[in-house]
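The values are calculated or read from the model by the stated rules, or taken from the named source; none is laboratory data. Remember, it's a predicted structure, so these values are computed and weren't measured experimentally. Backbone-built Cβ (ideal geometry, glycine too); neighbour counts: all protein chains shown. Side chains are part of the model used for accessible areas, which takes the heavy atoms of the whole protein and leaves out ligands, DNA and RNA. Shrake-Rupley method; radii C 1.70, N 1.55, O 1.52, S 1.80 Å.
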Amino acid sequence: MNNKFSDSDQIGIVSTFSELVQTDFNGEMNALCWYRNLDGDFNEIVTKLSLEENITEVHPEDIIALQLSEKGRIAREIILKDLQLLTDFGASPSLNLLKCYERDDEFDFISTDVYSFHVDRSPIATDTFLCTYHGAASDIVANAQAEQKILIPEIRAKLKELHDGPEEEFENFLKENYFDLHYQVDQDAVPISLGLGHLWRLAVDHPKQQVLPCIHRAPIENEGEYRLLLIC
């Protein structure tokens, strides 16, 4: 399959949902893409939904109730099918209408919000699924092009000052505050935009994981534009 993701060792390309959930991560590959060129007017759905907060969860009945054009109805059927596929698989998908996420600006030397490159962690074997239907798309970056922020000497020194406790409790402090999940990308790193309409499965840090977790971030939203994002 010829597409912009094919040249990346980090990304595996599949053409069905069953392939997406059944293909094993291996080697450098810690992101799987069900590559799709979707029909339908997702913008119409976004304009007819109501944003109640910066992040509003949209339920199936909310989009079923919308009066839509033919292209809008095609988009709605795609979203409903994706939600059903993931639910049947045993996941708990959420469809979000997004203006923006909350920013973490408590410290000037490290951020723990989703705009920072980070990995997801879980105590159980799971993966992160996401699809951006409308608006700016998330980015991933190769693990070789990033460094855990807690390993950068000047950041680590400031975190030790912040901890101000026994040395043996420092590593737990880093985990409890999610500092260990965040990464600094190299100056010459080339983040990959996940694009619109593709359904992604990203590797998560958990005890049974055989590959490195996928480093990703939420994008800065386009001015005056909402995102429509499926995630679980």
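Over every Cα atom in segment 166-232, the radius of gyration and the widest Cα-Cα span, Dmax, amount to 16.0, 48 Å. With a simple spin-label model that places each label point 7 Å from the Cα along the Cα-to-Cβ direction, the separation between GLU169 and GLU61 comes to 4.7 nm. Geometric descriptor of the chain, per residue, is 143 Å³ (volume of the convex hull of the Cα atoms). Counted residue by residue at 0.36 nm each, then reduced by the alpha carbon distance between them, the extension gain from LYS99 to TYR115 reaches 4.4 nm.
Just the protein heavy atoms count here, and of the accessible area of the chain at 1.4 Å, carbon and sulfur take up 45 percent.
Sorting THR87, THR47, THR128, THR112 by accessible area puts them as THR47, THR87, THR112, THR128; the probe is 1.4 Å, largest comes first, and only protein heavy atoms count.
Remark: C-alpha extents of segment 97-136 on the principal axes read 31, 30, 13 Å, sorted largest to smallest. Go ahead and estimate [θ] at 222 nm for the chain from helices alone: -39,500 (n - 2.57) per DSSP H run with n ≥ 4, summed, over the residue count, rounded to 500. After summing the helix terms and dividing by the residues of the chain, the value is -7000 deg cm²/dmol. What whole-number value in Å² describes the accessible area per residue of segment 1-135 for a 1.4 Å probe? Per residue, segment 1-135 has an accessible area of 54 Å². Axis angle, to the nearest 10 degrees, between helix 70-89 and the longest C-alpha principal axis of the chain: 50 degrees. The long axis of helix 153-163 is offset from the longest Cα principal axis of the chain by roughly 90 degrees. Computed with a 1.4 Å probe over protein heavy atoms only, the accessible area of ARG217 comes to about 70 Å².
Mean silhouette area of segment 41-136, derived from the convex hull of its C-alpha atoms and averaged over all directions, reads 7.8 nm².
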